[in-house]
1. Taking every DSSP beta bridge that has both residues in the chain, what percent is antiparallel when rounded to the nearest 5?
2. Answer rounded, prolate or oblate for the stretch 377-468, using the Cα gyration tensor with square roots of eigenvalues a ≥ b ≥ c: rounded when a/c is under 1.5, else prolate when a/b is larger than b/c, else oblate.
3. Given a Förster distance of 22 angstrom, what is the FRET efficiency for ASN5 paired with GLU196, based on the Cβ-Cβ distance and rounded to 0.05?
4. Could you list THR383, THR215 in order of exposure, starting from the residue whose Cβ has the fewest other Cβ atoms within 10 Å?
5. Using DSSP to call loops (not H, G, I, E or B), can you name the trypsin sites (Lys or Arg not before Pro) in the stretch 325-403 whose Cβ has at most 14 other Cβ atoms within 10 angstrom?
6. Straight-line reach from LYS18: which lysines fall under 18 Å, measuring Cα to Cα and dropping same-chain residues less than 8 apart?
7. Stretched out fully, how many nm does the piece from HIS225 to GLU280 gain, at 0.36 nm a residue minus the Cα gap?
8. Magnitude of the Cβ-charge dipole of the stretch 3-93, K/R +1 and D/E -1, about the Cα centre, nearest 20 debye?
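Since every read-out is calculated from the coordinates, none of them should be taken as a lab result. Every value quoted in this text rests on a predicted model; they were computed, and no experiment measured them. In this analysis, Cβ positions are derived from the backbone assuming ideal geometry, glycine residues included, and neighbour counts consider all displayed protein chains.
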Amino acid sequence: MSESNHIEVWNRCLQIIKSNVPDAVFQKWFLPVKPISLVDSSLTIEVPSDAHMHHLEEMPLVDILGKTLKRVIGDKVNLFYNIQFVNSTVAYPHQMLEVAGNPPIAFPRNEREPINPFVIPGIQKLTINPNLNPKYSFENFIEGPCNRLARSAGERVASTPGNNPFCPLFIHSGSGLGKTHLSQAIGLRVKQLHPEKIVLYVSAHTFKTQYQNATVGNKIPDFLHFYEQIDVLILDDVQYFSGKSGTQNAFFHIFNYLQQAGKQLILTSDVAPGNLKDMETRLIQRFKWGLTAELLTPDFDTRVKIIKAKSANEGIVLGDEIVNYLASKVTGSVRELEGTILTLLAHSTFNRENITLDLAKKVTQQIVNVDSSEISLERIRNTVCDYFKISPETIVSKTRKREIVQARQITMYLVRNLTKTSLASIGSQMGGKDHATVLHACSTVSDLIDTDRNIRRYVADLERQLKGGK
Ligand code: ADP
Ligand code: MG
């Protein structure tokens, strides 16, 4: 079966279900379900909450659901749930579908059915998408004096999660120095060594949004319950909790629960625990319980190793002279090093130029502004992210949410006006956009500055911050 007809198939299911359940039940439990995909005989649906899924899996709803799915998709059907506030999938208990016969079945009205004995074990077999990117492995994480302590603590945590003195493991550093990479590497290693453990990587920004959504729909118990099931919880960029007392409270609860249950927590932040702003003292104290490790800016030799590894990954071999030049000029973050290599690659591909020392010099100058001011794309992006309280990952992601698109466009506009970075290079560092997209963003922001008071203020504030020094 193809991947595209999930909507049509689910609509057929809805028709059968509608004629078999009371209208109120249909409206409340089936209409909010969104079909997500159908691959072979596996249908994935999205439900608003954990409780919603549990309800669908109880009698009598599970009976009509199972029978209908068998009838429309076939005997080998599998059902997976995505729960809206978390990016998770829960395996549908296969046994459920074994009870199915041929619909239509009469829906037992005004009767409370006993809970189907198969349901509970099925649901407990929770499989959660850990949100891990295979490229962020330990193997790809170049070791150097700048990261040795954090890296070895990370390896120890990954081999004995929850059973080591590093709980929580708190990793901090400036932007682009490897927090996300290292914390993901820990998650990946746990999955290799302990496949049965439930691992979840979540950015503090996402956690905060999930919490806020949960408060609206009265879903806090679902939210807490979900997190209590995690064996290894990786929370990235915890500084985004600053000033959010509700989110901090919820996380405090989850932290304590997991800690007492012998589970592993890994936290990252842009500052050491003691320097977190607007964070509850009791939370900061807990962050200090385990090991705090800082990732430092890589030294020259580590930069050389990183440049060699990254360029090899992109399928290019750089001569020693170029590698040494880059390592001596691009001294900021590893992200900046990566950006330089990608821009170099883009230049040589688009313009069919060989990568020469001259090209390396040109690109480096644009990216790190070696000779001109201190204002770099990276700094602008970070300043915009801080200003709008969004994460650096989100701003370069594919999301089309209005406020994110706006922040992204403002970043491009500022980079274009305040640095010498080329359109192609801005695009590649803002989430793989082409130069036309960058141009469009710049003219949109220019127009808005003339017509929209808020945008005018944002841009002015940001320019003041950027020009006023760090
Ligand atoms: P942070 O989360 O601290 O802002 P990231 O983990 O996102 O930084 O790292 C930025 C980029 O640099 C990522 O693409 C990451 O793979 C890379 N990187 C960081 N440190 C290293 C390292 N030691 N070895 C290889 N790549 C690294
Ligand atoms: Mg990060």
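1. On the way: 9 of 32 bridges.
Of the beta bridges lying entirely in the chain, close to 30 percent run antiparallel.
2. rounded
3. 0.05
4. Working: THR383 19, THR215 14.
Going from least to most buried by this count: THR215, THR383.
5. Details: sites: LYS329, ARG335, ARG352, LYS361, LYS362, ARG379, ARG381, LYS389, LYS398, ARG400, LYS401, ARG402; in loops: ARG352, LYS389, LYS398, ARG400, LYS401.
The qualifying sites are ARG352, LYS389, LYS398, ARG400, LYS401.
6. LYS28, LYS34, LYS67, LYS70
7. Details: separation 55, 0.36 × 55 = 19.80 nm, distance 2.25 nm.
Value of the extension gain: 17.5 nm.
8. I would put it at about 240 debye.
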